[in-house]
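The values are calculated or read from the model by the stated rules, or taken from the named source; none is laboratory data. Owing to the predicted nature of the structure, the values given are computational and were not obtained by experimental measurement. We place every Cβ from the backbone using ideal geometry, glycine too, and count neighbours over all the protein chains shown. Ligands, DNA and RNA are stripped out before the accessible areas are found, and what is left, the full protein with its side chains, is counted by its heavy atoms. Shrake-Rupley method; radii C 1.70, N 1.55, O 1.52, S 1.80 Å.
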Amino acid sequence: MGNDDRMPTEREWLIMEAIWDCKNESITSAEILERVQSRGEMSDRTERVLLHHLVKKGLVGYTVDEHDSRLYHYFAKETRENCLKAKRQDFIDTYYRGNRAGAAASFLQGLDLSDKELKALERVLKERKKHG
């Protein structure tokens, strides 16, 4: 991923979440709208515009229904994990000038973590250190 122009906006992210929640199956525009509206307000027109942007960005693909050419089935062309990775990197580049350690330290210092959570983080750090 890595291209800022391809990164989903906050509103587009809602659409992507609805699509990703379908696992490897496709989803219609009406089904996406139903899922997105349960999380907050979004008009049918806004959803269509956002879907169009996501298709243009190459994050979402579609097929036309074989029985009804007015019905499109949408699917994710990019994984949630890849999009999250790109969002993280963009955030670090924007707010921490690319300093990943500084960003991580800032987050950790601002959190009230339990002993269990701290141990889990220590395991992650040890594993990262082991595998470079």
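The single condition from (1) at pLDDT below 95; (2) open to solvent by 70 Å² or more (accessible area, probe 1.4 Å) that Lys77 fails is (1).
Of all residues in segment 4-23, those that are more than 12 Å from Leu51 (Cα to Cα) have Cβ atoms under 9 Å from Cβ atoms of residues that are open to solvent by less than 40 Å² (accessible area, probe 1.4 Å) and in a loop (DSSP other than H, G, I, E, B), 6 or more apart or on another chain, in Arg6/Gly58; Arg6/Leu59; Arg6/Glu78; Met7/Leu59. When you check Gly40 against the structure, is it at pLDDT below 90, open to solvent by less than 70 Å² (accessible area, probe 1.4 Å) and under 29 Å from Thr94 (Cα atoms), yes or no? So Gly40 passes the test. Taken over segment 2-28, the criterion of being surrounded by 18 or more Cβ atoms within 10 Å (Cβ to Cβ) and over 15 Å from Leu84 (Cβ atoms) is satisfied by Ile15, Ala18, Ile27.
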